[in-house]
Amino acid sequence: MFKIIVCENYEEMSKKAFSVIRDIVVENPKAVLGLATGSSPVGLYQLMIEDHQKNGTSYKDVTTFNLDEYLGIAKDHPQSYYTFMHENLFKGLDIKEENIHIPSGSGDVDQQAANYESLLADNMIDVQVLGIGRNGHIGFNEPGTPFDALTHIVKLKENTRKDNARFFDSLDEVPTQAITMGSGTIMQRAKKVLMIASGEAKQDAIYNMIKGPITTDLPASILQKHDDVVVILDKAAAARL
Ligand code: F6R
């Protein structure tokens, strides 16, 4: 079930998303957070850091699970999701390194996927932050991925690589594969989903997620079957609703 909140702009969207996360962490200092990378949650992460530093909201007993990681670049590469999360969030909080979980994109990656899934099998995620791709992907579950997919290795679609090329020096440098929690993992493990999306480029994906058929052509449409999805949008992303 979707609860849809439409905001004036990215800043207001980030504030609303932050209040959802803060309430969960204040109520349960041992909360398990599912986190995403990309541009959508950066404002939310800044507010979490600001709140921790000004108001002392503590993350020392919080556990996190990230959705995904690239394959083929080192963990300490400037564009790895490991680096992204440390730069944009973790280094500003008091979270313990051992409580941070990000799938590993190196070594025997099929084994890494199985290990990540079994770690998740022992945990429920209190709230899973999600962005959405223009093609409707969640995590890196690209169109066509079965809805029951667990953590797995994925070949990135060309449009996803192009969308993410803004973070790299050139398109050639964008990895072609990633490890991601599956749509099935997200549906099974997340008690609550917090989807954030802004900008005109997301309006078709958002419309189809909410109003379209449930189809693997639009991976986010599976969220229609989830009990508790809060969708926080700016006006542009909500324009077709
Ligand atoms: C990131 C992730 C992706 C992004 C999506 C939107 O961990 O799993 O699904 O959430 O590609 O990216 P942005 O927010 O950069 O538009």
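Results, tabulated for the structure shown:
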quantity	calculated
Over 27 Å between alpha carbons, listed pairs 3/202; 15/155; 30/202	15/155; 30/202
Over the chain: helical MRE at 222 nm, DSSP H runs n ≥ 4 each giving -39500 (n - 2.57), nearest 500	-9500 deg cm²/dmol
Carbon/sulfur fraction of accessible area - the chain, other protein chains in place, 1.4 Å, %	48 percent
Of every Cα-Cα pair in segment 85-170, the percent that sits beyond 19 Å	54 percent
Residue 137 accessible area, assembled protein chains, probe 1.4 Å, Å²	30 Å²
Tail weight of P(r) past 25 Å, computed on alpha-carbon pairs of segment 1-134, percent	26 percent
Residue 158 accessible area, assembled protein chains, probe 1.4 Å, Å²	90 Å²
Prolate/oblate/rounded call for segment 120-241, Cα gyration tensor, a/c under 1.5 rounded	oblate
Cα-centre dipole for segment 1-157 with unit charges at Cβ (Lys and Arg positive, Asp and Glu negative), debye to 20	320 debye
Efficiency of FRET between residue 94 and residue 23 - r from beta-carbon atoms, R0 22 angstrom, step 0.05	0.75
Segment 186-230 and segment 4-63: distance between their alpha carbon centers, rounded to Å	20 Å
Per residue convex hull volume, Cα atoms of segment 110-150, in Å³	88 Å³
Relative contact order [Cα under 8 Å, 6+ residues apart], the chain, whole percent	27 percent
Highest to lowest packing among 126-132, 103-109, scored as the average C-beta count within 10 Å	126-132, 103-109
P(r) tail fraction, the chain - alpha-carbon pairs more than 24 Å apart, %	41 percent
Segment residue 169-residue 200, extension gain: residue separation times 0.36 nm, minus the distance between their alpha carbons	8.7 nm
Farthest positive-ward along segment 60-214 dipole, Cα basis, beta-carbon charges - from 81, 133, 150	133
Distance between modelled label sites at residue 54 and residue 118, nm, 7 Å Cα→Cβ extension	4.5 nm
Test item: Cα-centred dipole of segment 178-223, Lys/Arg +1 and Asp/Glu -1 on Cβ, debye	300 debye
Accessible area per residue in Å² at 1.4 Å probe, computed on the chain	44 Å²
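The values are calculated or read from the model by the stated rules, or taken from the named source; none is laboratory data. These numbers come from a predicted model, not from an experiment. Cβ sites come from the backbone with ideal geometry, for glycine too, and all protein chains shown count toward neighbours. Each accessible area value is taken on the protein alone, full model and side chains, heavy atoms only, with ligands, DNA and RNA left out. Shrake-Rupley method; radii C 1.70, N 1.55, O 1.52, S 1.80 Å.
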